[in-house]
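Here is the structure we will look at, set down as structure tokens.
The values are calculated or read from the model by the stated rules, or taken from the named source; none is laboratory data. Computed from a predicted structure; not experimentally measured. A quick note on method: Cβ atoms are made from the backbone with ideal geometry, for glycine too, and the neighbour counts reach across all protein chains shown.
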Amino acid sequence: MRLLLFPGSGSSSSHPSLVAIEQAVAPMRCVRADFPYRLAGRRAPDRPPVLLQAVRDAAKPLRRGGLVLGGRSMGGRICSLAVGDAEDPLPAKGLVLVCYPLHPPGKPESLRVEHFPRLDVPCLFVSGTRDAFGTPDELTHWTSTIPGPVTHEWLEGKTHELRGADRRIGEIVGAWVKAL
């Protein structure tokens, strides 16, 4: 099995939590990838079709033997969209979703859950209990629409950034992926 991780919109594949995850799943092959806008030195994310294609392209050579996808915030969301694509779902053994951005801060009506009912794979959500992108109650409610098994790991008092929790994130993800 292999693991493919993408960063959030404001960071790169060298984000400390992605590095911690890579170390925690060793010797399993883990690829930390960047989106095209980041590789081009731009700050603003590409449109979703470009981001989705980047996930598909990075996943293609890794699919043999099983692939788990995910990442932080936007990176995890885009991976989940690829796996939950209604017309051409990307095959996966599971999804690792760290700081899933359920909705923009202060806009709980702008949900990012339309694909949840098509996620028929094990999903791990690692979130802070004070995340402005989705409270524990909101996330628990909406992830109940996912047909695959869902695991929640809450980091008490942490916000969306999960500052100071990189090692713990690595431990959580490492144990979950190895148990698949």
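Quick look at the numbers
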| quantity | calculated |
| --- | --- |
| Cβ pairs under 8 Å, 6+ apart, first in region 159-176 and touching a residue at least 12 places away in the same chain (Cβ under 8 Å) and closer than 25 Å to ARG2 by Cα, second of a type in the set (Val, Ile, Thr) and in a helix (DSSP H, G or I) | LEU162/ILE169; ASP166/VAL19; ILE169/ILE21; GLY170/ILE21; VAL173/ILE21; VAL173/VAL25; GLY174/ILE21; GLY174/VAL25 |
| Residues (within 23 Å of ALA20 (Cβ to Cβ) and surrounded by 13 or more Cβ atoms within 10 Å (Cβ to Cβ)) located in region 31-44 | VAL31, ARG32, ALA33, ASP34, PHE35, ARG38 |
| Flag for THR140 being hydroxyl-bearing (Ser, Thr, Tyr), surrounded by 13 or more Cβ atoms within 10 Å (Cβ to Cβ) and part of a helix (DSSP H, G or I) | yes |
| Any hit, region 106-124, residues being assigned to a helix (DSSP H, G or I), closer than 12 Å to VAL96 by Cα and either modelled with pLDDT of 95 or more or under 16 Å from the mean Cα position of the chain (by Cα) (or both) | no |
| Count of region 117-137 residues which are closer than 17 Å to LEU69 by Cα and surrounded by fewer than 20 Cβ atoms within 10 Å (Cβ to Cβ) | 2 |
| Residues located in region 143-160, provided they are surrounded by 17 or more Cβ atoms within 10 Å (Cβ to Cβ) and under 14 Å from the mean Cα position of the chain (by Cα) | THR143, VAL150, HIS160 |
| In region 1-13, the residues that are closer than 9 Å to ASP34 by Cβ and surrounded by fewer than 22 Cβ atoms within 10 Å (Cβ to Cβ) | SER12, SER13 |
| Residue pairs meeting the criteria (Cβ under 6 Å; at least 6 apart or on separate chains; first over 18 Å from PRO147 (Cβ atoms), in region 101-126; second outside any loop (DSSP other than H, G, I, E, B) and among the β-branched types (Val, Ile, Thr)) | VAL126/VAL98; VAL126/ILE169; VAL126/ILE172 |
